[in-house]
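A short worksheet on the structure shown next.
The values are calculated or read from the model by the stated rules, or taken from the named source; none is laboratory data. All of these numbers come straight from a predicted model, not from anything done at the bench. Positions of Cβ are generated from backbone atoms using ideal geometry, with glycine treated the same way; all protein chains shown enter the neighbour counts.
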Amino acid sequence: MPIEVGDKIPNVKLQTMTSNGPRAISMDEICRGQKVVLFAVPGAFTSTCSNDHLPGYVKWVDDIKAKGVDVVACVAVNDVFVMNAWANARGVDDKILMLSDGNGDFAKAMGRELDSRAFGMGVRSQRYAAVIDDGVVKALHQDAPGEVKVSGAEAILAEL
């Protein structure tokens, strides 16, 4: 059953890249005592994710944080090295916490898997954004495939 507004975010371990290499980080560690905007994309370097979704968050991250958000994070079913390369290619710097869900465990725990096997991409994540306050989902918006409307940075900024 998909996670919805009012539910606790699943405490799944993800990976993030640090100056010392990959580091495991749990959703509980990210969300505990903080307000988090988490956006999920089907895949790093894919056209809609790279051209429409991530750039909006890079552009609007300071405005989002000015609304009381402590962490803006991006998660995708890619390995930590691909997520790091994508962040570097898109000028993310340390503005957005890039999270690797390499095995799709978080996408599955969220109930938001996307079966892309017909396109040779395996099982990925649906495109969505969530506002999480101290581990509880306060808002969650999922887009239709190929669209960035309700999960984009401007839509989330307007909601905050």
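Within the stretch 39-67, the set of residues being aliphatic (A, V, I, L, M), closer than 22 Å to Lys108 by Cα and in contact with a Leu (Cβ under 8 Å, 6 or more places away or on another chain) comprises just one member, Val41.
For the residues Asn84, Asn103, the requirement of being polar (S, T, N, Q), closer than 19 Å to Thr16 by Cα and either modelled with pLDDT under 95 or part of a loop (DSSP other than H, G, I, E, B) (or both) singles out Asn103. For the stretch 108-123, the tally of residues that are at pLDDT below 70 and assigned to a strand (DSSP E or B) stands at 3.
Criterion first (buried (at least 22 other Cβ atoms within 10 Å of the Cβ), hydrophobic (A, V, I, L, M, F, W, C) and closer than 22 Å to Lys108 by Cα) does Val82 satisfy it? For Val82, the condition - buried (at least 22 other Cβ atoms within 10 Å of the Cβ), hydrophobic (A, V, I, L, M, F, W, C) and closer than 22 Å to Lys108 by Cα - is not met.
Every condition in (1) within 16 Å of the chain's Cα centre (by Cα); (2) more than 21 Å from Ala155 (Cα to Cα); (3) surrounded by fewer than 16 Cβ atoms within 10 Å (Cβ to Cβ) holds for Gly91 except the one numbered (1). On the given criteria, is Lys59 in contact with a strand residue (DSSP E or B) (Cβ under 8 Å, 6 or more places away or on another chain) and charged (D, E, K, R)? It is false that Lys59 is in contact with a strand residue (DSSP E or B) (Cβ under 8 Å, 6 or more places away or on another chain) and charged (D, E, K, R). Note on the stretch 1-79: enclosed strands (runs of 3 or more DSSP E) holding 2 or more residues that are of a type in the set (Val, Ile, Thr) are 13-18, 35-41, 71-76.
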